[in-house]
Amino acid sequence: MTGRARVIVYLRAPQEGPGAIEKAYHEISGRLAATPGLLRNELMRSTLDPGGFAVLSEWSSLADFRAWEEGAAHRNATSPLRPYQDRDGARHYGIYEIVAAY
C-alpha cells in the first residue's frame with residue numbers, strides 16, 4: 001500500500017445548500033472514471049460543520065496524480081467544484097503520500 005497518494009480538497013457549501021456540491025461531485029466523478037492511476041474518490045460532509053465538505057481521492061502513486069494534475073484535462077475536469085473550494089484556511093487542499101499502513 002505504500003507509495004499510494006491521497007488528495008483532499010476542502011469545500012464550502014453555498015448559501016442555497018449542499019446540493020450544488022453534490023451535483024458537481026457526481027459530474028466530475030463521471031468524467032474521471034477512466035483516469036489512469038485514480039483508484040477511487042469520495043465526497044465527505046463534516047460532522048462538525050454542516051457546510052463543510054471534502055473530496056478525498058486515492059491514487060496508485062504520487063507520480064500518477066502529478067501526471068494527471070499537470071495534464072491539460074485536469075482544470076476542465078474539476079472546474080464544476082472550483083467555485084466551492086474553501087479558501088478561508090491556509091490551504092484549500094492537501095496532498096499526502098502514504099509511507100506506512102497496517
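Every number in this text was worked out from the coordinates using simple rules, so none of it is lab data. What you see is a predicted model; the values in this text were computed from it and never measured. Positions of Cβ are backbone-derived with ideal geometry, glycine not excepted, and every protein chain shown enters the neighbour counts.
A few notes on this one:
- In this entry, Tyr96 passes the filter for residues that are at negative phi, touching a residue at least 24 places away in the same chain (Cβ under 8 Å) and not aliphatic (A, V, I, L, M).
- Number of residues in region 4-58 that are under 17 Å from Asn76 (Cβ atoms), exposed (fewer than 13 other Cβ atoms within 10 Å of the Cβ) and hydrophobic (A, V, I, L, M, F, W, C) equals 2.
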